[in-house]
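Worksheet for the structure shown next.
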Amino acid sequence: MRLWHQTSATSVAVAARAAHAAVEGTAFPLTPKGFACLVLVHNAAVAYCVGPGKALGLVLQATVVCTVGRFALILLTTLPQMRGVEQEYMQSIYHWNPPGELGESGAWQVVKTLASIFSKTDDSMPGISDLDSIPFHELFVRLCYKFNDTENDPDIDSNPEGGTREGIDDAFIDTLALYLHFSDVIYEATSEEMLLAVLKEKGYALNFAKMSAEWGTEHTPAYFVATNTDKKELLVCIRGTGEVQDVLADITAFPVEFDGTGHQVHSGMLASALWLCKRIISLAKVAQKAGYRLTLAGHSLGAASAVMLAMLLKRRGIEDLYVYGIATPACMAKELALSCRDYVQSVAFRDDVVVRVSPHSLVKLHGELLTYDWESAFKERGQDNAMLKISAKLAKTVRALSSSWEPPDRSNAPPQAQEDSKDYSPYVPGKVLFLHRARKVLDATEAPELQAAMVDGTCPQLRCLHLTRFMVMDHLTTSYFTALSRPNPLEEWLERKEHEGEQEGKQGDGKSKRSESESEEQHAKAVAEDTGHIEGEDEKQGDDLV
């Protein structure tokens, strides 16, 4: 019996080992070593059957198939990750800013946009397509070195053609500063309550305010309406855009005819003016009957919309009106720009790129880049690695996906508009107070020495671009206050409110301390009364007990 049990246990153990070995043997070819042995045995068998030459060919074919398969697998599994890395790399290039004044002043944004326009706008700007093209790799070097030359030797707009100082006095400058203040407030006001308080200090009552804006496809700007009963004035102030590169990219938009006059204007700015006209005209007619004068004001694109709105209202019977446009861009044909000189006052400051940019000035700059002796500049600064790196970065930026600039789609434009765009050359409207450079100032902290001249949009100095670090800073409302030598009332108002808030905070702290002290005294008094009451009760109970 014992022998039989031993034999059975041995048989079970042998069967278990056999099953384990079968599993191991079956799984072995699936392991790297097993697969290698399988391939080796297979190749040996093939070599024995068909000969060594054919066996080697089969091995090579199998190797190629495995390599290609592995390559495809790796590529398919890592491609989405690589796209994310590439997009992040492109974004880092696009948002890169060079060191020094070029990056800190905002001029780099303008140079990037100009490079994109010049590299892709041949079809959308016929004046450029008529010129010889600039090789792609040279465009960025020419732009950067041209900027560097102009930066070191800025242009002086001395004696602007047709300029005069007639009518430029302190009262006139004070008036401009007042409407510049309103144009600045519409940017900075964070609420209707703040706008109401700021206007009240200047004697104006807020009637209506639209605080949000859309300058894309809708062209519905932010604006406010206010009245001054003492001056019998109805004020409409229109906000522009804070993004200079948006203005530059939009400059190639096709023109449209203005209100049946046969003359062209910028299509987007006219859309804003038409949208505003529908909402303002009834109020303007009522104000005119009541003897009120209509004043329109704005900065940048808001100034252009204000001018076109005034022209529309003039053609609809509103006679007593005036426009103050700060940094008004070139936005209409020459005939229209000169026809509104009696009721439009524009202001242009030094190198302001928004005032100066137009198809004409871009074509002029393109021609200057074509004739620019960049090879001599390259030899003179051949050791300037920083400038070479900036040029290379600019080329990568234009190639980057996130910085791709596409000309406006003109396929839906009327055929006549497409034809008229070939001859469209916009001008700054009205009379223009041109605050120009009187001498070269290379230090940004140094006060600019300026001269003032009254010109119009045909002044040649206004129809060219100056590639300097000031071309973006000169567009800011704060820079226009500096140019007019007047303080910014909004900054003073904010400082005063901040000081009043601090004083109220200190008074609040004093009141809280006094209230805390009074509450402590009251608490101590209450505790004392409670203690005396308890002691009296104890004495009474003691007497009763005795």
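Observations on the structure shown:
- Scanning segment 275-302 for residues that are among the β-branched types (V, I, T) and either crowded, with 18+ Cβ neighbours inside 10 Å or part of a strand (DSSP E or B) (or both) yields a count of 2.
- Residue that is modelled with the lowest pLDDT [pool: residues in segment 323-354 that are surrounded by 24 or more Cβ atoms within 10 Å (Cβ to Cβ) and of a type in the set (S, T, Y)]: T328
- Within segment 152-179, residues that are closer than 22 Å to R486 by Cβ sit with their Cβ atoms under 8 Å from residues that are among the polar types (S, T, N, Q) and in a loop (DSSP other than H, G, I, E, B), at 6+ positions apart or across chains, in these pairs: I173/S485.
- Any chance D423 is modelled with pLDDT of 70 or more, surrounded by fewer than 16 Cβ atoms within 10 Å (Cβ to Cβ) and of a type in the set (D, E, K, R): yes
- When D320, D246 are checked against the criterion of being open to solvent by 50 Å² or more (accessible area, probe 1.4 Å), at pLDDT below 95 and farther than 25 Å from P160 by Cα, a single residue qualifies: D246.
- Top-ranked residue of segment 466-490 - restricted to ones that are in contact (Cβ under 8 Å) with a residue 12 or more places away in the chain and farther than 30 Å from N148 by Cβ, ranked as surrounded by the fewest Cβ atoms within 10 Å (Cβ to Cβ): S485
- Per this entry, V323 is not counted among residues that are part of a helix (DSSP H, G or I) and under 20 Å from F172 (Cα atoms).
- Condition met for G203 (in a loop (DSSP other than H, G, I, E, B), modelled with pLDDT of 90 or more and farther than 18 Å from P429 by Cβ): yes
- Cross-chain or 6+ apart pairs with Cβ under 7 Å, segment 355-368 first and open to solvent by 10 Å² or more (accessible area, probe 1.4 Å), then at pLDDT 85 or above and among the basic types (K, R): H360/R463
- Residues (at pLDDT below 70 and either open to solvent by 50 Å² or more (accessible area, probe 1.4 Å) or touching a Gly at 6+ places or on another chain (Cβ under 7 Å) (or both)) located in segment 389-405: R399, L401, S404
Rundown of residues vs (1) among the β-branched types (V, I, T); (2) assigned to a helix (DSSP H, G or I); (3) under 22 Å from H360 (Cβ atoms), yes/no style:
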residue: A304; (1), (2), (3): no, yes, yes
residue: M308; (1), (2), (3): no, yes, yes
residue: L312; (1), (2), (3): no, yes, no
residue: R316; (1), (2), (3): no, no, no
residue: E319; (1), (2), (3): no, no, no
residue: P329; (1), (2), (3): no, no, yes
residue: L338; (1), (2), (3): no, yes, yes
residue: D342; (1), (2), (3): no, no, no
residue: V347; (1), (2), (3): yes, no, yes
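- Any chance S124 is surrounded by 18 or more Cβ atoms within 10 Å (Cβ to Cβ) and at pLDDT below 75: yes
- Looking only at segment 130-142, and only at residues there that are among the acidic types (D, E) and in a loop (DSSP other than H, G, I, E, B), the one that is modelled with the highest pLDDT: D132
- Search result, residues across segment 143-187 that are over 26 Å from A107 (Cα atoms), part of a loop (DSSP other than H, G, I, E, B) and among the hydrophobic types (A, V, I, L, M, F, W, C): I168
The values are calculated or read from the model by the stated rules, or taken from the named source; none is laboratory data. Predicted model, so just to flag it, every value in this text is computed and none were measured. Because the Cβ atoms are built from the backbone with ideal geometry, glycine has one as well, and the counts that use them run over all protein chains shown. Please note that ligands, DNA and RNA were not included when accessible areas were found on the heavy atoms of the full protein model with its side chains. Shrake-Rupley method; radii C 1.70, N 1.55, O 1.52, S 1.80 Å.
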